[in-house]
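Here's the structure we're looking at; comments come further down.
The values are calculated or read from the model by the stated rules, or taken from the named source; none is laboratory data. Just so we're clear, the structure is a prediction, and the values are computed from it rather than from any experiment. When we count neighbours, we look across all protein chains shown, and the Cβ atoms used for this are built from the backbone with ideal geometry, even at glycine.
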Amino acid sequence: MMTTTNSLTLNLQTGLLEPVLYQPSPHCDERPLGTEIDMIVIHGISLPPGQFGTDSVSAFFCGELDYASHPYFAEIKGLRVSSHLFIKRTGEIIQFVPFGKRAWHAGQSFYDGKSSCNDFSIGIELEGTDILPYEVVQYQRLSQAIFLIRQAYPLVTENRIVGHADIAPGRKTDPGMAFDWAYLKGKLA
Ligand SMILES: [Zn+2]
């Protein structure tokens, strides 16, 4: 069974978007038994921070980043993290973890009475920073992905599409003030 929007499809058998580059990350595991996916967490990331179009985010999420290649990377050395999706400034989507598995994007987190949001959420990283406006094409691809995810996982209601900062306040700020929530919600309506 498949659901489709424009050219993008969510394959419910594999838990992968198609046609999308799939770079399997070892930074994932099984969701707790019986867990229902009911939340999307939106993030912002660029590596090094503020530099776009590098392959560093993919390498980082796949455990293949050359930590000697930039001074900043010393700060993140050894971290084992991932997301389900990464949407580049160009709109290109890369998937690292099938939706059915638990990606490691939220860290210590809490929302609406529940902690450990990785258990029940899908993590989507946008290439960017907290202060530089995200690209229109990123919102387009994000809204397409969210549409398909919500078809597959209808418990992801609009108020359960949140930012990393919303579930880890004081610890995380992404996707930052640059992220236009009203614009996204308008596209989802
Ligand atoms: Zn984040």
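The figures follow:
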{"quantity": "Spans of helices (runs of 4 or more DSSP H) in the stretch 117-189 with at least 1 residues without any contact (Cβ under 8 Å) to a residue 60 or more places away in the chain, within 16 Å of the ligand (Cβ to nearest atom) and farther than 17 Å from Gln95 by Cβ", "calculated": "164-167, 181-188"}
{"quantity": "Qualifying residue in the stretch 10-28 (condition: assigned to a loop (DSSP other than H, G, I, E, B), closer than 24 Å to Ala168 by Cβ and within 16 Å of the ligand (Cβ to nearest atom))", "calculated": "yes"}
{"quantity": "Flag if Ala152 is modelled with pLDDT of 95 or more, under 16 Å from Ile45 (Cβ atoms) and surrounded by 14 or more Cβ atoms within 10 Å (Cβ to Cβ)", "calculated": "no"}
{"quantity": "Candidates Ser121, Ser83 - the one that is farther than 19 Å from Gln138 by Cα and hydroxyl-bearing (Ser, Thr, Tyr)", "calculated": "Ser121"}
{"quantity": "Some residue of the stretch 39-57 being aliphatic (A, V, I, L, M), more than 16 Å from the ligand (Cβ to nearest atom) and assigned to a loop (DSSP other than H, G, I, E, B)", "calculated": "no"}
{"quantity": "Complete set of residues in the stretch 103-122 that are surrounded by 16 or more Cβ atoms within 10 Å (Cβ to Cβ) and among the aromatic types (Phe, Trp, Tyr)", "calculated": "Trp104, Tyr111, Phe120"}
{"quantity": "Filtered residues of the stretch 33-66 (kept if of a type in the set (Gly, Ala, Ser) and free of Cβ contacts under 8 Å to residues at least 12 places away in the same chain)", "calculated": "Gly34, Ala59"}
{"quantity": "Within the stretch 108-136, tally of residues that are farther than 23 Å from Gln51 by Cβ and out of contact with any His (no Cβ under 7 Å at 6 or more places or on another chain)", "calculated": "13"}
{"quantity": "Test: residue in the stretch 60-69 that is surrounded by fewer than 20 Cβ atoms within 10 Å (Cβ to Cβ), over 17 Å from the mean Cα position of the chain (by Cα) and among the hydroxyl-bearing types (Ser, Thr, Tyr)", "calculated": "yes"}
{"quantity": "Filter result for the condition that a residue is more than 11 Å from Ile40 (Cβ to Cβ), in contact with a helix residue (DSSP H, G or I) (Cβ under 7 Å, 6 or more places away or on another chain) and of a type in the set (Asp, Glu), over Asp180, Asp119, Asp174, Asp112", "calculated": "Asp174"}
